[in-house]
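Since every read-out is calculated from the coordinates, none of them should be taken as a lab result. As the structure is a computational prediction, the values presented were derived from the model and not from experiment. Here Cβ is always computed from backbone atoms with ideal geometry, including for glycine, and neighbour counts include all displayed protein chains.
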Amino acid sequence: MTTCHLKANDSLQEGKHPVPRKHSIDLAGIVSHVTLIEFDNQLRADEVLQPKLRSLNNVTIITSAMTTEVLGDGSKVNGLIYKDRNTDENISVEPEGVFVQIGLIPNTEFLKKTLELTPRGEIVVDSRGETPIPGIFAAGEVATAPYKQIIIAMGSGANASLGAFDYLIRNSFEGDTAETA
């Protein structure tokens, strides 16, 4: 988890995999301080990201920590409590922002015998979001895309829905009872 104060404040980032590390580096350039909370006892970031992250004076890395509570007043975040997994001590921090990152491994294991998947488990799709099996579409973070962001996933969903709509209007199905106007 990453905590940060926005503008002149701090931020906190939490999550698994390299994404929170990259975002922590990005955030460090625009907020006064970033705290990266890692559940594991060591950072699980790409080797190329770790030296950069550790070189930033406004980034604190906390390992072996488990977030237990995000505090707020109903309109904004005003604190976070995490448990130090080595000492069992509960520690409170007061960030003004919290960014939760859960990783990049898609939950597609159940599809491995049905659809073509990349080695990372992403569903292979074309530019319309269609898989190699006609009429089956995928979108968002489970589909092949170079970047994993909510706005990109939303655009991917819109793209795949238009692709599916186009597929449906171009393919007639036996028993189709739709009336033409």
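Structure above, values below:
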{"quantity": "Interchain or long-range residues, amide H under 5 Å from Ser64's placed H", "calculated": "Glu38, Asp40, Asn41, Gln42"}
{"quantity": "Per residue, the convex hull volume that the Cα atoms of region 42-101 enclose (Å³)", "calculated": "104"}
{"quantity": "Cα gyration tensor shape for region 109-170, rounded if a/c is under 1.5, else prolate or oblate", "calculated": "oblate"}
{"quantity": "Label-point gap, in nm, between Phe165 and Ser75 - each point 7 angstrom along Cα→Cβ", "calculated": "3.9"}
{"quantity": "Peptide ranges 135-141, 90-96, 72-78 listed from the most packed, as the mean C-beta count within 10 angstrom indicates", "calculated": "135-141, 90-96, 72-78"}
{"quantity": "Under-5 Å amide H pairs with Ala143, H placed in peptide plane, nonlocal only", "calculated": "Ile123"}
{"quantity": "Whole-Hz couplings from phi, Karplus 6.51/-1.76/1.60, listed for region 58-63; x for Gly and Pro", "calculated": "9, 10, 10, 10, 10, 9"}
{"quantity": "Per-residue HN-Hα couplings for region 107-116 [Karplus 6.51, -1.76, 1.60; θ = phi - 60°; Hz; x = Gly/Pro]", "calculated": "8, 10, 3, 5, 9, 4, 8, 10, 10, 6"}
{"quantity": "Long-range HN-HN contacts of Gly79 with modeled amide H, under 5 Å", "calculated": "Leu71"}
{"quantity": "Positive minus negative residues near Phe137 (Lys, Arg vs Asp, Glu; Cβ under 15 Å)", "calculated": "-4"}
